[in-house]
Structure formats: C-alpha cells, structure tokens
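Visitor: Quick one: structure below, then a few questions.
The values are calculated or read from the model by the stated rules, or taken from the named source; none is laboratory data. Only a predicted model underlies this, so the values are computations on that prediction, with no experimental measurement involved. All Cβ positions, even for glycine, are placed from backbone atoms using ideal geometry, and neighbour counts span all protein chains on display. Just so you know, the surface numbers come from the protein's heavy atoms only, side chains and all, with ligands and any DNA or RNA stripped out. Shrake-Rupley method; radii C 1.70, N 1.55, O 1.52, S 1.80 Å.
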Amino acid sequence: MRYLVLCGGGSRGAIEVGFTQALWESAIQFDGIIGSSVGALNGAFLAAGGHPDELAEIWRGLRFRELFRSNWRILLRGARETSVFTLGRRLRHLLWKGIP
C-alpha cells in the first residue's frame, strides 16, 4: 500500500502543494492520504477530489491577516489562553463552509 503523508507546519503546506502537483503530473497513485495540521487540511482537500492546481490557487490567494487575528485576551488572561492568534474570518470560512 502506498500513502501520501503530509506534514504540519503552517507555510510548509504551500510547499506540499508543489510536491503534490509533481506527483499528480507523474500519475503516481496513492491508497490513502495522511496529514497533520496544515497537511490534514491539504490532504482533506485532495482526498475529497480536489486537484493540486486548485489547491495552489487557494494558497496563492491566502493572506495572514485574513486567516488569523491577534488574541488580545492573552494580555489580560495570560496562561489561561491557549494561543496568541485566533481564527480569522477567511480561515473560518474555509474550514466550516468549505473551499470556495
């Protein structure tokens, strides 16, 4: 069995798009896709039938300020908060409503 394994790590997700484009062009087939963090997002898109070229187009249109916003509560609550950033409007849309 052959699996495509995609890693996490934020901007590494954009690099994975190039890898998957090359694999698709080479007609390499996989029995499944496994991913962590951003790799899970990319993998879910591909496993649902999305093409790497479509995924590349999505990545080209992403801007940090649309994906994340500052979690100002961390200044008040300190360690009780889990992150310096929270989900931005566009990332919420991509996750909950699906890829446009």
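Visitor: Just one of (1) surrounded by fewer than 15 Cβ atoms within 10 Å (Cβ to Cβ); (2) modelled with pLDDT of 90 or more; (3) of a type outside the set (A, V, I, L, M) trips up Gly61, so point out which.
Guide: Evaluating Gly61 over (1) surrounded by fewer than 15 Cβ atoms within 10 Å (Cβ to Cβ); (2) modelled with pLDDT of 90 or more; (3) of a type outside the set (A, V, I, L, M) leaves (2) as the failure.
Visitor: May I pose another question? Quick check, is Val38 in contact with a Lys or Arg (Cβ under 8 Å, 6 or more places away or on another chain) and among the β-branched types (Val, Ile, Thr)? Step through it out loud before you land on a result.
Guide: On the way: in contact with a Lys or Arg (Cβ under 8 Å, 6 or more places away or on another chain): yes; among the β-branched types (Val, Ile, Thr): yes.
Judged against the criteria, Val38 is a match.
Visitor: Same structure, new question: If Leu46 satisfies all but one of (1) at pLDDT 90 or above; (2) more than 12 Å from the chain's Cα centre (by Cα), what's the number of the condition it fails?
Guide: Only one criterion is unmet by Leu46, namely (2).
Visitor: Just to be sure, is Glu16 charged (D, E, K, R) and either modelled with pLDDT of 95 or more or open to solvent by less than 40 Å² (accessible area, probe 1.4 Å) (or both)?
Guide: Values: charged (D, E, K, R): yes; either modelled with pLDDT of 95 or more or open to solvent by less than 40 Å² (accessible area, probe 1.4 Å) (or both): yes.
Yes.
Visitor: What number of residues within region 30-43 satisfy the criterion of being modelled with pLDDT of 90 or more and of a type in the set (S, T, N, Q)?
Guide: 2
Visitor: Could I ask something else about it? Can you find, within region 64-84, the residue that is most open to solvent (accessible area, probe 1.4 Å) among those that are in contact with a strand residue (DSSP E or B) (Cβ under 8 Å, 6 or more places away or on another chain) and at pLDDT 70 or above?
Guide: This residue is Arg69.
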